[in-house]
1. Please give the direction-averaged projected area of the C-alpha convex hull for the protein assembly as shown, in square nanometres with one decimal.
2. Let me know the mean shielding of B:20-31 by other chains, meaning the per-residue number of their Cβ atoms within 10 Å of its Cβ.
3. What base-10 log of the normalised intensity I(q)/I(0) is obtained for region A:24-109 from the Debye formula, alpha carbons as equal point scatterers, at q = 0.12, 0.13, 0.17 Å⁻¹?
4. Counting only other chains, what is the mean number of Cβ atoms within 10 angstrom of the Cβ of each residue in peptide B:92-105?
5. Helix-only mean residue ellipticity at 222 nm, the protein assembly as shown, DSSP H runs n ≥ 4 weighted -39,500 (n - 2.57), per residue, nearest 500. What is it?
6. Which angle from 0 to 90°, rounded to the nearest 10, does the C-alpha axis of helix B:67-80 make with the longest principal axis of chain B?
7. Specify the angular offset, from 0 to 90 degrees and rounded to the nearest 10, of the alpha carbon long axis of helix B:98-109 from the longest principal axis of the alpha carbons in chain B.
8. Going by how many other beta carbons lie within 10 Å of each one, how would you line up B:78, B:72, A:49, fewest first?
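Each reported figure results from applying straightforward, stated rules to the coordinates on display, with no laboratory input. Everything numeric here is computed off the predicted structure, so don't read it as measured data. Using ideal geometry, Cβ is built from the backbone for each residue, glycine included, and neighbour counts are taken over all protein chains shown.
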DNA sequence: TGTCAATATAGACATATGTCGAAGTCTCTG
DNA sequence: CAGAGACTTCGACATATGTCTATATTGACA
C-alpha cells in the first residue's frame with residue numbers, strides 16, 4: 001500500500017494553488033478518515049502515547065463504545081494509511097504515521113507563498 | 001457564530017496529548033466539512049484565488065455538477081466556519097478563513113513537542 | 001487438545017450525505 | 001412594475017456511515 005504522506009506531500013498547500021480533481025480525490029479519504037470524533041481521539045491517543053504506539057486493549061477502555069466499533073474505527077484509520085498495525089502475540093499495536101499527519105497538516109495549514 | 005480558529009487553536013496538536021472528547025466533537029465537524037473532494041477543491045479555489053475571494057459564478061464553472069450542488073457544498077463550508085460569505089449586488093463572494101485553516105493544519109500536523 | 005482472552009469480521013439497522021430538478025428569493029434594469 | 005439573472009432552498013432519492021450483537025479467528029497456555 002502506498003504511503004499517503006507521499007500522495008499528500010506532492011501537493012501545494014490549499015491556499016497556494018487550486019487542487020486538481022485528482023489530488024482532491026486522493027486527499028479527501030485521509031480527511032474523511034480523521035473526520036470523526038472517535039477516530040480523532042484514537043489517532044491522538046496513539047500518536048501521543050509513550051513509544052508512539054498503543055495497544056488496542058488500552059484504546060478500548062478510553063471509550064464508551066463496543067469493542068467491535070473501536071476495531072472498526074481503527075481499521076478505517078489503518079486503511080487510510082494513517083495508522084500502522086502490528087500484531088505481537090495476542091495483542092495488536094497501532095502506531096501513528098507521523099509523516100502522513102505532517103504532510104496533511106502542511107497541505108491544510110500552510111499560508112500562501 | 002464563533003470563529004472555529006479559536007476552538008481549534010486552543011487544542012494541543014494531536015500528537016502532543018490526547019484530545020478530549022469535547023475537543024474532538026468540536027474539531028471533527030471542521031474536518032468533515034473539508035473531507036469531500038468537491039469541497040476540498042472549492043476551498044482551494046477560493047483560498048488561492050486572487051484577492052482571497054471568489055464569486056460563485058466562477059466556482060460553478062470549475063465543476064461538472066449542478067449549480068445547487070455547488071451552492072450546497074459552499075453552505076457546508078460556510079456553516080463550518082471555513083468560508084465567509086458576502087453578497088455584493090447580484091453576486092455572492094466567498095472568502096477563506098485563513099485562520100481556521102492555519103490552526104487546523106497546526107492541530108493535525110505539528111510534531112510532538 | 002481444549003479453553004480462554006484479545007481482536008476482527010459479518011450482518012443488520014437507523015441516520016447522515018451527495019446529488020439532482022423544481023421552485024423560491026433577491027437585485028438590477030428597462 | 002415586469003422580466004431576467006445569480007444564488008439559495010426544498011424535496012426526493014440512492015448510497016455511505018456509525019453503531020450494535022453475534023460469530024469467527026488467532027495465539028497462549030494448562
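1. About 13.0 nm², averaged over all directions.
2. 5
3. -0.33, -0.39, -0.65
4. That works out to 3 on average.
5. -17000 deg cm²/dmol
6. With rounding to tens, the tilt is 30 degrees.
7. Helix B:98-109 sits at roughly 40 degrees to that axis.
8. Fewest to most other Cβ atoms nearby, the residues stand as B:72, B:78, A:49.
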